[in-house]
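Quick note: the coordinates plus some simple rules give every number you see, no bench work behind them. The structure presented is a predicted model; accordingly, all values stated were derived computationally and were not measured. Every residue, glycine as well, gets a Cβ built from its backbone with ideal geometry; the counts of neighbours run over all protein chains shown.
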Amino acid sequence: SVVQDEMLWRRDGKGFYVRYSSRPMYNKGEVSGAVITFNDVTLKRRAEMELLANKERLQVQNDALTELGRGPSARPGGADAAFLEAAETAAPAVYADRVSVWLFSEDRAALVCRACWDRASRTPSSGLRLERAAYPAYFRRLERERYLVVDDARSDFRVSEFRETFIKPGNIGSVLEIVINNGGKAAGVIRAERSGPPRPWQLDERNMLAAVADFAALALASSEKAKLEEMKDFLTHTIVHD
């Protein structure tokens, strides 16, 4: 008899997975006992469970990217509607409690939240501002680094400027940010936040948020192109009228 997957228990109450086989012992043609061989397969079982979890997470991310990959005709409402959809789609895909899209103001003296999605309340918000004068180190970092991966927001020096104003009041444990590029320079940032205890960001979650940041960049470029076309049409109409 062979059992592939069984839980056994130690005297201290801790369980572990085993594979074991039982073979009979014979004495004068009769079964007199058995030899049982155990193999601890805890690490193998753990690897299989992690592989399954990764597969499920990648499927969620793939579904999210497929949803964002719809044609622009199916997404009315302009850039802000696209930003909100990006935040709402990304939040469950990267297991974040909040995802927000921020863009630089015209004078680049502030970041303005264009869309924020909170998973718990399922409510959107926007309008919050971060002034460069209040967070100078953070703004300098945005100019030269595309990724900001903070597994422990309570101890990472890179977000120390936000510790008293956002991290502690919001019970934020981990932060992941990807810069949104437009025209070869940083146009803003997409941010994912996890509340509670710090949890590390997986590579696939970083890649997922980077893909959403690219989507936001496309939405921004499309919006600017539409505005230029409107200005062009207005100018042409004015010239023809004159």
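Assuming a ≥ b ≥ c are the square roots of the Cα gyration tensor eigenvalues, decide whether region 15-137 counts as rounded (a/c under 1.5), prolate (otherwise, with a/b larger than b/c) or oblate. Note, shape of region 15-137 comes out prolate.
With R₀ fixed at 25 Å, the C-beta to C-beta distance from ASN171 to TYR147 puts the FRET efficiency at about 0.60. Across the chain, the mean sequence separation of Cα contacts (distance under 8 Å, 6 or more residues apart), normalised by length, yields a relative contact order of 14 percent. Stretched out straight at 0.36 nm per residue, the stretch from VAL112 to ASN62 would grow longer than its current Cα-Cα span by 15.1 nm. The Rg/Rh ratio of region 129-187, with Rg taken over Cα atoms and Rh as the Kirkwood radius over Cα pairs, comes to 0.97. Using 0.36 nm per residue and subtracting the Cα-Cα separation, the extra length available between PHE157 and TYR26 on full extension is 40.3 nm. In terms of Cα to Cα distance under 17 Å, which aspartates and glutamates are near enough to LYS55, apart from those fewer than 8 places away along the same chain? Partners within reach: ASP63, ASP204, GLU205. Quarter the surface of the alpha carbon convex hull of the chain and you get the mean projected area, 21.1 square nanometres. Apply 1/(1 + (r/R0)^6) to the Cβ-Cβ distance of LYS185 and LYS14, taking R0 = 51 Å, and write down the FRET efficiency to the nearest 0.05. The value I calculate is 0.40. Does region 8-56 come out rounded, prolate or oblate, given a ≥ b ≥ c as the square roots of the eigenvalues of its C-alpha gyration tensor, rounded meaning a/c under 1.5 and, failing that, prolate meaning a/b above b/c? Cα axes put region 8-56 in the oblate bin. Computed per residue of the chain from DSSP H runs no shorter than four, each worth -39500 (n - 2.57), the mean residue ellipticity at 222 nm is -13000 deg cm²/dmol. Could you work out which residue, out of GLY188, GLY13, GLY173, moves most in a Gaussian network model of the chain, that is, has the largest mean-square fluctuation with Cα springs under 10 Å? Ranking GLY188, GLY13, GLY173 by mean-square fluctuation puts GLY13 first.
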